[in-house]
1. Be a star and scan region 150-167 for residues whose amide nitrogen sits under 17 Å from the point 7 Å along the Cα-to-Cβ vector of E123.
2. Would you mind pulling out the separation of the Cα centroids of region 135-152 and region 154-193, in Å?
3. If I ignore ligands, DNA and RNA and count only protein heavy atoms, how much of K76 is accessible to a 1.4 Å probe, in Å² to the nearest 10?
4. Express in nm, to one decimal, how much length is gained between A115 and A68 on full extension, taking 0.36 nm for each residue of separation and deducting their alpha carbon distance.
5. Any idea of L139's accessible area? Nearest 10 Å², probe 1.4 Å.
6. As a quick test, which of the pairs K92/K213; K76/K132; K76/K197; K110/K178; K132/K178 have an alpha carbon distance above 32 angstrom in this structure?
7. Suppose the chain between L188 and D217 were pulled fully straight at 0.36 nm per residue; how much longer would it get relative to their current alpha carbon spacing?
8. For K132 and T77, calculate 0.36 nm times their separation in residues minus their Cα-Cα distance, and state this gained length in nm to one decimal.
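The values are calculated or read from the model by the stated rules, or taken from the named source; none is laboratory data. Model, not experiment: these values are computed from the prediction. Backbone-built Cβ (ideal geometry, glycine too); neighbour counts: all protein chains shown. Each accessible area value is taken on the protein alone, full model and side chains, heavy atoms only, with ligands, DNA and RNA left out. Shrake-Rupley method; radii C 1.70, N 1.55, O 1.52, S 1.80 Å.
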Amino acid sequence: MDTYRTEEEQIDAIKKWWQVNGSNILIGIGLAILIVVGWQFWQDQKRTTGEAASVMYGELLEAAELIAQPNADTEKTTANIATLTHLGGELKAQHETTEYAVFAALMLAKQYVDAGDAGKAEEELRWAIEHKASEGVTLVAQLRLARVLVMKNQLDDALSLINSVNAGAQSAAFDEVKGDIFVSLGQLDEARAAYSKALNANESNGGTKPIVKMKYDNLAIVK
């Protein structure tokens, strides 16, 4: 036997059910639509932001290439340095969460190193490290920071940084810098050991780096 014996009873039951549950269903539907639209908007914004950051970074690279040209006009070089500095700052401010911003910080740090401003270079490299790019990019930033600290004669800080990093495939480069630090500290045995590790790591990876061999050989002569 049917629960509702007449069509009128069925209609009345549906009306009562809708009065109790209808608003919740509409809210649920509205929420589902909002989630879908919000997701699409976020994806569009993410794509647009990535494209904008990419274009800006391309302009940054162009400025860097012009700066690096040999025998470039001094006035144009100054203008390109200003452009690079401005674009780097804009990328960091407007697209802080993208890897383009980290790349920009690395470019700014290089420019400051070339200009002899180790303090500002350190600030940019620490910014890059704090904003956690991919592992490879972070290792590059840490290695460059160690070198900048050596420039500033903060040798203990540079050594602590090197020792704190799991360099992985970049171990040869980190051991080379460690050797440089030990040389500056006058710890020549430790420097030889670090250069030896760098040479062995390079050989294991199927490559050689003559500058490291030269540093090691020079220490052998000193001994």
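1. 152
2. Using only Cα atoms to place each centre, the spacing works out to 12 Å.
3. Rounded to the nearest 10, the figure is 140 Å².
4. Gain on extension, A115 to A68, equals 15.7 nm.
5. Around 20 Å² of this residue is reachable by solvent.
6. Table pairs above 32 Å Cα-Cα are K92/K213; K76/K132; K76/K197.
7. Working: separation 29, 0.36 × 29 = 10.44 nm, distance 1.19 nm.
The L188-D217 span can extend by a further 9.2 nm.
8. 16.7 nm
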